[in-house]
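In what follows, a single structure is set out as structure tokens and then discussed.
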Amino acid sequence: MGDGQSRPLVAGRLRDGQWHGVDTVAAVLLALAFGASETRSGGWGAGAVAAVVWLPVAVRRRWPVRVLYTVLAGAVFALAFTGWEESWVPIGAALYTVAAREPRRRSATALGCSLGAVAAAMVLVPRPVPVSGAAGGVVFASLMMTLPWLVGTALREQRSYAELAARQAVTDERLRIARELHDVVAHHLTVIAVRAEVARAVASTNPQEAEHTLALVGTAGRTALTEMRRMLGVLRSPGDGAELGSAPGLADLPALADGAGPRVELSVDPGPPLPPGVELAVYRIVQEALTNAVRHAGSADCRVNLSRTGPEAVEIEVVNAAQSRIPFRIPSRRPGGGHGLIGMRERAAMCGGTLSAGPLATGGFRVHARLPCGPETAR
């Protein structure tokens, strides 16, 4: 009999009510079979007791512990007073259910009580059986009750691991979405805020520069809305009309550079296509590096170089100039805020790569990452 919470293959398609029906039919058939067998060998009394012992198994899923102790009491009575040697069979079925559905401590207690009760009935109740035969019967019955308990315990542990893995998958997906949201919001809002300040600063002296800067603000805002819609669509349930766009990649780097500012020099070496996960990591690392340049240095005056080191790896280098050319002061970040460098390192690590970042001796800041892109690349 399978356990109702473990639903593999075809049997897993049954509902709880259908499982109870299966248990009822199985309990009745087993009661009739064992009752008829005991009637032939021990008379009507033994057959009736054997049949009654099996009937509670019909509700084993609803009250596993109560059913076990009810079956145990009936089986011990039958064993002691009628000599029913197969009394361990219904006990084993009930033990399996308890082990599969109840906590470990309660399950172990149930096994100990069952083994002790059956052993006591076989050894202490006077019967015309030699002591050596009774001891052998105790060992055999104990094994036959312990095996179903072990199977049920294994299924419970397997189910626990599966539930834990499912919860971990949900947590990982939430972290991935949070990382995506951080990259989108941090980059585009930083660009919007900085460019808006630039436009305000030069509006009276250089209207054309202010107009061009405001156009960059509009582009950054529209891009942020597009990416936010794409990611929020992932959170919606299937079938509600959400249209999912493709994740950004190498083809989107020129637009990213243009949106960050007019002084971003982008160089991309042609090469074989990268895996989608690596393309997304490259895009997000460049995006975060430009965001940090705008936020901390006050300028996206950067050189971005993307090169292939053979067919198995791609290298990213983002170098920010030492001095800011923007005529206003960017407020310093509050202590402990942001996760830019951590996020970039996590993205590189997810692809099996490495990332280093730090100030240059000649001034400025450099971010360098190397990501493997061969068949073994982690998704």
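Taking 7 Å along the Cα-to-C-beta vector as the label spot, tell me the THR309-ARG66 distance in nanometres, rounded to one decimal.
6.8 nm
Bins of 10 Å, beginning at zero and ending with the bin holding the largest distance: percent of Cα pairs per bin for the range 18-78, please.
27, 49, 22, 3
Would you mind getting me the FRET efficiency between ASP172 and ALA196? Use the beta-carbon distance for r and R0 = 35 Å, nearest 0.05.
After rounding, the FRET efficiency stands at 0.45.
Quick check: pseudo-label points 7 Å beyond the Cα along Cα→Cβ at GLU86 and ARG159, how many nm apart are they?
My value for the distance between the label points is 2.8 nm.
How much length, in nm to one decimal, is gained on full extension between LEU29 and GLN208, taken as 0.36 nm per residue of separation minus their Cα-Cα distance?
Taking 0.36 nm per residue and subtracting the Cα distance, the gain is 55.4 nm.
Taken together, the values in this text are just the output of simple stated rules run on the coordinates, not laboratory data. Quick caveat, the model's predicted, so the values are computed rather than measured. Here Cβ is always computed from backbone atoms with ideal geometry, including for glycine, and neighbour counts include all displayed protein chains.
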